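Read the structure below first, then the notes.
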Amino acid sequence: MKHILFLVLLSPVFLIAQSFPTDVKVLQDVKTYHGKIATASVQNDWKLEKEPGYQFANMAKRVVAATTVKENGVSKKIIGLAIYVRGSAGEAWKFSRYFVTGSEVVGAKTLTSEDLKQQTLDLIRKEPIKVFVDFKDVSWVYDITYPDVSQNRTDRTGDVIYNGFIEYDKKWNDSEGITLPNYPFEAGVRKYKAPVEAYVRLVDGQMKVAVVSIGYDDSPVKKMLSRKTFESLPSLANTSIDQLYGPVCPYLNVDTEKEDKSSEPSSSSPEKKTKKIGLPKIKIQ
């Protein structure tokens with residue numbers, strides 16, 4: 001009888017602890033967590049999950065669809081999971097986070113190939129590390145192209161990803177740190193044409209290139225340079241992209257011009273006189 005009474009007394013508490021948050025509470029938690037949600041609605045039923053190490057369902061999820069506040073006429077449609085957790089089977093559910101699983105930008109200007117190119121240049125100008133991880137070795141950028149902007153895709157965060165190419169020179173030095181006498185100087189640049197992915201996201205109501213991921217080019221063009229030319233090369237670490245961008249790199253013509261001039265005969269050197277050999281003249285009487 002005591003055991004039955006004990007269970008009866010605990011039953012209301014147990015049921016309260018098991019009850020899920022109301023829809024109103026879920027929407028309030030999601031809006032507080034995200035900060036820029038204008039409208040939202042709950043969808044589907046609650047889903048319970050048991051993480052490793054737990055003997056009970058310690059996580060509850062509810063799908064929430066929402067639209068963000070408009071910025072310059074642009075907003076996002078998002079969908080995600082309101083996630084609640086508990087430490088024991090008898091505890092009340094506590095809000096953990098709102099995990100966005102998909103989003104779509106609405107009302108933004110469609111970027112052109114030229115827009116993407118100029119925004120990538122602007123990103124290099126302001127934060128080169130967001131394009132070139134090793135920007136200290138990048139000595140020249142020849143071109144940035146996005147051939148087909150229609151072939152874009154969107155990830156779960158709403159970033160629109162565009163594919164393109166970037167052509168640039170990167171310094172290399174196989175002689176660095178070597179102090180052996182008479183060791184030949186081996187350094188120069190490699191010219192790459194690498195594939196890129198530009199991640200464009202909504203910033204202050206506009207779609208902007210936020211980061212660029214450069215892929216692998218396994219067949220760069222290698223050029224050897226003299227020590228003097230190599231050491232005089234600028235890079236994005238100390239020079240703006242405005243001085244290191246264009247179809248021709250002026251810094252790489254130095255060695256070639258010297259080699260061409262050294263192979264040409266000097267105009268000041270005396271020409272060698274050649275002796276003409278002919279038959280002796282015969283005087284006819």
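Identify, from the list 60, 65, the residue that is of a type in the set (A, V, I, L, M), out of contact with any Phe, Trp or Tyr (no Cβ under 9 Å at 6 or more places or on another chain) and either without any contact (Cβ under 8 Å) to a residue 40 or more places away in the chain or under 20 Å from residue 21 (Cβ atoms) (or both). Outline the logic, then answer.
Values: 60 fails: out of contact with any Phe, Trp or Tyr (no Cβ under 9 Å at 6 or more places or on another chain).
That would be 65, the only listed residue that is of a type in the set (A, V, I, L, M), out of contact with any Phe, Trp or Tyr (no Cβ under 9 Å at 6 or more places or on another chain) and either without any contact (Cβ under 8 Å) to a residue 40 or more places away in the chain or under 20 Å from residue 21 (Cβ atoms) (or both).
Among the residues of the stretch 142-157, is there at least one that is crowded, with 19+ Cβ neighbours inside 10 Å, aromatic (Phe, Trp, Tyr) and part of a strand (DSSP E or B)?
No, the stretch 142-157 contains no residue that is crowded, with 19+ Cβ neighbours inside 10 Å, aromatic (Phe, Trp, Tyr) and part of a strand (DSSP E or B).
Could you look through the stretch 111-141, keep only residues that are among the acidic types (Asp, Glu) and part of a loop (DSSP other than H, G, I, E, B), and pick out the one that is surrounded by the fewest Cβ atoms within 10 Å (Cβ to Cβ)?
127
For the stretch 30-42, does any single residue satisfy the condition of being outside any strand (DSSP E or B), modelled with pLDDT under 95 and either over 35 Å from the mean Cα position of the chain (by Cα) or more than 30 Å from residue 208 (Cβ to Cβ) (or both)?
No, every residue in the stretch 30-42 fails to be outside any strand (DSSP E or B), modelled with pLDDT under 95 and either over 35 Å from the mean Cα position of the chain (by Cα) or more than 30 Å from residue 208 (Cβ to Cβ) (or both).
Per-residue answers, yes or no, for (1) in the same structural domain as residue 145 (by TED's automatic domain parsing); (2) free of Cβ contacts under 8 Å to residues at least 12 places away in the same chain; (3) among the acidic types (Asp, Glu); (4) part of a strand (DSSP E or B):
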| site | (1), (2), (3), (4) |
| --- | --- |
| 168 | yes, no, no, yes |
| 201 | yes, no, no, yes |
| 210 | yes, no, no, yes |
| 219 | yes, yes, no, no |
| 230 | yes, no, no, no |
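Just to verify a result, which residue in the stretch 101-132, among those that are without any contact (Cβ under 8 Å) to a residue 40 or more places away in the chain and among the aliphatic types (A, V, I, L, M), is nearest to residue 66 (Cα to Cα)?
If we take residues in the stretch 101-132 being without any contact (Cβ under 8 Å) to a residue 40 or more places away in the chain and among the aliphatic types (A, V, I, L, M), then 106 is nearest to residue 66 (Cα to Cα).
Quick one: how many residues across the stretch 87-110 are crowded, with 19+ Cβ neighbours inside 10 Å and at pLDDT 95 or above?
So the answer is 2.
When the residues of the stretch 212-238 are narrowed to those that are polar (S, T, N, Q) and crowded, with 17+ Cβ neighbours inside 10 Å, which ends up modelled with the lowest pLDDT?
First, pick out the residues of the stretch 212-238 that are polar (S, T, N, Q): 213, 219, 226, 229, 232, 235, 238.
With the extra rule that they be crowded, with 17+ Cβ neighbours inside 10 Å, the set shrinks to 229, 235.
On the way: 229: 94, 235: 97.
Per the stated criteria, the residue is 229.
Among the residues of the stretch 170-188, write down those that are touching a residue at least 12 places away in the same chain (Cβ under 8 Å) and part of a loop (DSSP other than H, G, I, E, B).
Residues of the stretch 170-188 that are touching a residue at least 12 places away in the same chain (Cβ under 8 Å), as a first pass: 170-175, 185-188.
Answer for the stretch 170-188, where residues must be touching a residue at least 12 places away in the same chain (Cβ under 8 Å) and part of a loop (DSSP other than H, G, I, E, B): 174, 175, 185, 186.
Report, by residue number, each residue of the stretch 148-206 that is more than 30 Å from residue 78 (Cα to Cα) and among the aromatic types (Phe, Trp, Tyr).
Answer for the stretch 148-206, where residues must be more than 30 Å from residue 78 (Cα to Cα) and among the aromatic types (Phe, Trp, Tyr): 165, 168, 172, 183, 185, 192.
The values are calculated or read from the model by the stated rules, or taken from the named source; none is laboratory data. Computed from a prediction, not measured in an experiment: that's the story for all the values here. Neighbour counts run over all protein chains shown; Cβ positions are idealised from the backbone, glycine included.
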